[in-house]
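Following: one structure in structure tokens, then a few remarks.
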Amino acid sequence: MTFAELLAEVSTAVGGQPQARWVIDEVTSGHWSPSEDASAVAASARAMASQVSSGQPLQYVLGHWAFRNLDLLVDERALIPRPETEFVVERALQVFSKGQRSKATCVDLGTGSGAIACSLSTELRSVLPEVYVLGVDLSSDALELAALNVVRTGAEVELLQGSWWESVPSALQGSVDLVISNPPYVTEDEYATLDETVLREPKMALVGAVSSEGILGFAPYESIVRQAPRFLSSGAVMAFECAPPQVEALRVLCEPLGEVTTIVDLAGRDRGVIVECPW
Ligand code: GLN
């Protein structure tokens, strides 16, 4: 079997050539050699392709996925890290690095796979002498995966189980410099319309409850923002990912805390907000 033949077969099974390349790269470690035992490679590729064609997300089948500079383990225990979240981290770090800082005490609320927390640790420690990162999640499954990713990436991240700020130690009051959160924000109605592959991800990582003011999928932001002030240092930065229709309400919620900027993604869609608290 030639590479082209295998690529054609797997492409049909997984619904596209780029996805097929990911699968074949995975089973060949990125190097197809004509002398290789093509039938063993093809069998492994077919096994992966059949999982994808049965609705399993490609990322879960591969078992790992890139997020910024990192290669993270991904599985059913947590949301698959997404490009929009990479962009939120990018913008948050740009804004954060404008300040004259000697330390970064960071909290990732709803850390899931640990993607944001591990990125903050590995990226900030090369520029700041004192970096502390706490990742919080309600899901013990997600925290198990996050712990594996902390080890895998060499990050230094403390992980705690709890709902938003609930388990964040009181010792951190007044000292948190950077908060990033990609909370669940999909509405129940939207959830019913999502692709089958997205439904394989944990529902609790996707669907946000209705806020006290009746805003759909918005309850997590309400909890996070209302309880943030006692933890924040002066000059703290907060960054949140949200769905485009939630940006206005999120801006209003955050305005009492500082200067609010909308995060506009590369496709021109409003995908979150950044809050810069006064010094
Ligand atoms: N961006 C994800 C999606 O639309 C949602 C992520 C989240 O709820 N935090 O599938």
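We did not get these values from a lab; they are worked out from the coordinates using the rules stated. Note that this is a predicted model, so its numbers are computed, not measured. FYI the Cβ positions are ideal-geometry reconstructions off the backbone, even for glycines, and counts take in every protein chain you see.
How far is the Cα center of the stretch 218-279 from the Cα center of the stretch 27-68, in Å?
The two parts, judged by their Cα centres, are 39 Å apart.
Note the per residue figure in Å³ for the convex hull of the C-alpha positions in the chain.
For the chain, the hull spanned by Cα atoms encloses 134 Å³ per residue.
Using only the Cα atoms of the stretch 139-215, what semi-axes does the equivalent ellipsoid have when each is the square root of 5 times a gyration tensor eigenvalue? Give whole Å, largest first.
The three semi-axes for the stretch 139-215 are 27, 20, 10 Å.
For a quick check: with amide H placed at 1.01 Å from N, whose amide H comes under 5 Å from Ser97's, ignoring anything fewer than 5 positions away on the same chain?
Result for Ser97 returns nothing.
Check Arg200: other-chain or 5+ apart residues with amide H under 5 Å from its amide H, H built from backbone geometry?
Close amide H contacts, sequence-distant or interchain: none at all.
Compute the long axis of helix 3-14 from its Cα atoms, compare it with the longest principal axis of the Cα atoms of the chain, and write down the angle in degrees, 0 to 90, nearest 10.
That helix lies at roughly 50 degrees to the long axis.
Over the alpha-carbon set of the stretch 189-279, divide Rg by the Kirkwood Rh and report the Rg/Rh ratio to two decimals.
1.01
Using each residue's phi in the stretch 241-251, evaluate 6.51 cos²θ - 1.76 cosθ + 1.60 at θ = phi - 60° and report the 3J(HN,Hα) Karplus result to the nearest Hz, with x for Gly and Pro.
8, 8, 7, x, x, 8, 4, 4, 5, 5, 4
Using the Cβ atoms and a cut-off under 10 Å, what net charge is assigned to the surroundings of Cys277, where Lys and Arg are +1 and Asp and Glu are -1?
Summing Lys and Arg as +1 and Asp and Glu as -1 gives -3.
For the stretch 1-40, restrict the atom set to alpha-carbon positions and state the Rg and Dmax in Å.
Just the Cα atoms of the stretch 1-40 yield Rg and Dmax of 9.5, 28 Å.
What residue among Thr28, Leu250, Thr122 has its Cα farthest toward the positive end of the dipole of the chain, where the charges are +1 on Lys, Arg and -1 on Asp, Glu, each on the Cβ?
Ranked along the dipole, the leading option is Thr122.
So what are the ³J(HN,Hα) numbers for the stretch 122-134, from phi and the Karplus equation (6.51, -1.76, 1.60; θ = phi - 60°), rounded to whole Hz, Gly and Pro as x?
In residue order, the calculated couplings are 6, 7, 6, 5, 7, 10, 10, x, 10, 10, 10, 10, 10 Hz.
If you restrict to DSSP beta bridges whose two residues both lie in the chain, what percentage is antiparallel, to the nearest 5?
So the antiparallel bridges in the chain amount to around 40 percent.
Could you tell me the largest-minus-smallest coordinate of the C-alpha atoms of the stretch 188-230 on each of the three principal axes, in descending order and whole angstroms?
Dimensions of the stretch 188-230 along the principal axes of its Cα atoms: 40, 20, 9 Å.
List the residues whose amide H sits under 5 Å from the amide H of Phe67, counting only those 5 or more places along or on another chain, with H placed 1.01 Å from N in the peptide plane.
Correct list: Leu72.
Can you work out the Karplus-derived ³J(HN,Hα) for every residue in the stretch 157-162? Use 6.51 cos²θ - 1.76 cosθ + 1.60 with θ = phi - 60°, whole Hz, and x for glycine or proline.
9, 8, 10, 9, 8, x
Whole Å is fine, so just give me how far the alpha carbon centre of the stretch 156-217 lies from that of the stretch 118-151.
Using only Cα atoms to place each centre, the spacing works out to 16 Å.
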